[in-house]
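Note sheet for the following structure.
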């Protein structure tokens, strides 16, 4: 059973962002599955590193999209991204120090992060995207 499944409540109305969110979710589920299988070591560290890389790339793409569309909330959104990356980095450092052992609190963080960020914050740029589709 995965940590979390994709559903329509996570659709922000921008295909590229949805695709990237789904990629992040898939990696989160792989980290979860590894922990559930009691895996540790290089494979788990690789998954955590990959999740970090994909997240950084997504945040960069999302911020570029917001700039391109003139989204008014970009400044606060960037601060949220920075805070999440700082927290993620702290967990990744802990996981690395423990040889790939993933703590339960990391999984809780991932799930809350994805649901709160997408359903609460990212949904705010969806209406702007819909407006641009109507104009274009």
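The values are calculated or read from the model by the stated rules, or taken from the named source; none is laboratory data. In this text the structure is predicted, and so the values were computed from the model without any measurement. A quick note on method: Cβ atoms are made from the backbone with ideal geometry, for glycine too, and the neighbour counts reach across all protein chains shown.
Among the candidates 53, 104, 36, which residue alone is under 18 Å from the mean Cα position of the chain (by Cα) and either surrounded by 13 or more Cβ atoms within 10 Å (Cβ to Cβ) or under 24 Å from residue 19 (Cβ atoms) (or both)?
53
From (1) in a helix (DSSP H, G or I); (2) in contact (Cβ under 8 Å) with a residue 24 or more places away in the chain; (3) surrounded by fewer than 18 Cβ atoms within 10 Å (Cβ to Cβ), pick out the condition that doesn't hold for residue 48.
The number of the failed condition is (3).
Can you tell me which residue is surrounded by the most Cβ atoms within 10 Å (Cβ to Cβ) among those in the range 13-31 that are more than 13 Å from the chain's Cα centre (by Cα) and at pLDDT below 95?
Taking the candidates together, the pick is 14.
Taking the range 83-98 as the search range and keeping residues that are touching a helix residue (DSSP H, G or I) at 6+ places or on another chain (Cβ under 7 Å) and closer than 15 Å to residue 47 by Cβ, which one is surrounded by the most Cβ atoms within 10 Å (Cβ to Cβ)?
Among residues in the range 83-98 that are touching a helix residue (DSSP H, G or I) at 6+ places or on another chain (Cβ under 7 Å) and closer than 15 Å to residue 47 by Cβ, the one surrounded by the most Cβ atoms within 10 Å (Cβ to Cβ) is 95.
Go through (1) more than 24 Å from residue 5 (Cβ to Cβ); (2) part of a helix (DSSP H, G or I) for residue 32 and report which single condition fails.
If we test residue 32 against (1) more than 24 Å from residue 5 (Cβ to Cβ); (2) part of a helix (DSSP H, G or I), just (1) comes out false.
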